[in-house]
Amino acid sequence: MSSPQTRALRINMVELLRHPGSERTIEHEISAEDLGCQLAPGQFEISGDVVVGVTAVAATDDVAVSGLVAIPWSGECRRCLKAISGVHNVDFDERFAPARDRDRLSSVDGDLLLVEGDQIDLVEPIRETVMIETPTSVLCSDDCKGICDVCGVDRNEVPCECVVVVRDDRWAALDDLHLDD
């Protein structure tokens, strides 16, 4: 069932295909709930409306839809656990063709999305883009030092003198190995 939010992401494909070279621009904001995006617990959250800015261009047999999808996100740094947020801009590029041309087009291009009926519904491809491209873990900065394993301080804010030895017990037998030079 479509809502006013999702109806704005529909394109009349028949009308576009009647005039090859014609364009239709869609600029729309839609909530993650209306897109049907539900991330697993513990992952980053989509912290606002997803902004869609795409242009549909008709060719002879298909419609190419390309542009940007801006995904606002929030979560925690994976090293120091500080709250961070940002906007992830993702390129969106899909091609749609009428399903009635399935036999002729499938042998030409396997990347076409076939459309039943007259309307291209962008909700599902945009939802997939959002689900795939939403970050699952990020750093607050590339040089984030994280939290000390021993004393628990944030090493970005307080210098830590703890000695942390990373040891792999599988190699412990080599500690007793002494080679004659």
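The values are calculated or read from the model by the stated rules, or taken from the named source; none is laboratory data. If you're wondering where the values come from, they're calculated on a predicted model, not measured in any experiment. When we count neighbours, we look across all protein chains shown, and the Cβ atoms used for this are built from the backbone with ideal geometry, even at glycine.
Name the one entry in 70, 83 that is within 19 Å of the chain's Cα centre (by Cα), of a type in the set (A, V, I, L, M), at pLDDT 90 or above and under 25 Å from residue 141 (Cβ atoms).
After applying the criteria, what remains is 70.
Find the strands (runs of 3 or more DSSP E) located wholly in region 35-99 whose residues include 1 or more that are within 30 Å of residue 153 (Cβ to Cβ), and list them.
Output list reads 63-76, 83-98.
With respect to residue 138, determine if the residue is exposed (fewer than 11 other Cβ atoms within 10 Å of the Cβ), in contact (Cβ under 8 Å) with a residue 12 or more places away in the chain and among the aliphatic types (A, V, I, L, M).
Taking the combined requirement at face value, the residue does not satisfy it.
Determine which member of the set 132, 147, 126 is within 28 Å of residue 87 (Cα to Cα) and loosely packed, with under 11 Cβ neighbours inside 10 Å.
132
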